[in-house]
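I have placed the structure first, in the form of structure tokens, so that the comments after it can refer back to it.
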Amino acid sequence: MEEKRPSPVEKLLDENNFDNITLYNEDDKAFEFEQIAIIPMDKKLYAILKPVAKLEGLAEDEAVAFEVDENLNTITVVLDDNVIDKLFSKYEKMIEEQDKKGKK
């Protein structure tokens, strides 16, 4: 019997899973991403993922924002600059808070 592999959404939502996530585009081309953060915001769930290999149009130190839909089991690139700015701002605040807790 073949073992069912967890979907990328299941992997992202598994708090014990820190493995890279492989996503496929509409041409079925695979892209591997490092998990950076899962962030709930405005009643939605987002993921910040960093490409393992260089992606065209993206600097090496840049990450990509994705909207995670648990019901549809999908991960979609966020293209709205306002959402992206708000998401990365929230991520930076989370990192600052973790740093403060670590220094206590």
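Read-outs throughout are calculated quantities, based only on the coordinates presented, and are distinct from any laboratory measurement. Just so it is clear, the structure is predicted and the values come from calculations on it, not from any experiment. Please note: Cβ atoms are built from the backbone with ideal geometry, for glycine as well, and neighbour counts cover all protein chains shown.
Before anything else, pin down the relative contact order of the chain: Cα pairs under 8 Å, at least 6 apart, normalised by residue count, whole percent.
On the way: 125 pairs, mean separation 18.4, N = 104.
Over the chain, the number comes to 18 percent.
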Item to complete: Please list, or write none, the aspartates and glutamates whose alpha carbon is within less than 20 Å of the alpha carbon of LYS43, excluding same-chain residues fewer than 8 places away.
Response: GLU10, ASP14, GLU15, GLU67, ASP69, GLU70, ASP80, ASP81, ASP85, GLU92
Worksheet item: For VAL77, what charge total do you get from the other residues with a beta carbon under 12 Å from its beta carbon, if Lys and Arg give +1 and Asp and Glu give -1?
Response: -3
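Using Cβ contacts closer than 10 Å as the measure, can you line up PHE31, PHE66 from fewest to most? Please report the intermediate quantities before stating the final value.
Numbers: PHE31 15, PHE66 23.
Fewest to most other Cβ atoms nearby, the residues stand as PHE31, PHE66.
Past the 21 Å Cα-Cα mark, which pairs from LYS11/LYS93; LYS44/LYS90; LYS11/LYS44; LYS11/LYS101? All intermediate terms of the calculation are to be shown ahead of the outcome.
On the way: LYS11/LYS93 24 Å; LYS44/LYS90 13 Å; LYS11/LYS44 17 Å; LYS11/LYS101 27 Å.
LYS11/LYS93; LYS11/LYS101, as the Cα separations exceed 21 Å there.
Sum -39500 (n - 2.57) across every DSSP H segment of at least 4 residues in the chain, then divide by the residue count to get the 222 nm mean residue ellipticity, nearest 500.
Details: 2 runs with 29 residues, N = 104.
So the calculated ellipticity at 222 nm is -9000 deg cm²/dmol.
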Discussion item. Taking a ≥ b ≥ c as the square roots of the Cα gyration tensor eigenvalues, with a/c under 1.5 meaning rounded and otherwise prolate when a/b beats b/c, else oblate, which class fits the range 1-56?
Written reply: oblate
Worksheet item: How much of the calculated P(r) for the chain lies past 23 Å, in percent of all Cα pairs?
Response: 30
Worksheet item: Tally Lys/Arg at +1 and Asp/Glu at -1 over every other residue whose Cβ is under 14 Å from the Cβ of LEU58; what's the total?
Response: -4
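Using a 10 Å cut-off around each Cβ, can you sort LEU23, LEU79 from fewest to most neighbouring Cβ atoms? Provide the component values of the computation, followed by the final result.
On the way: LEU23 17, LEU79 9.
The fewest-first ordering by Cβ neighbours comes to LEU79, LEU23.
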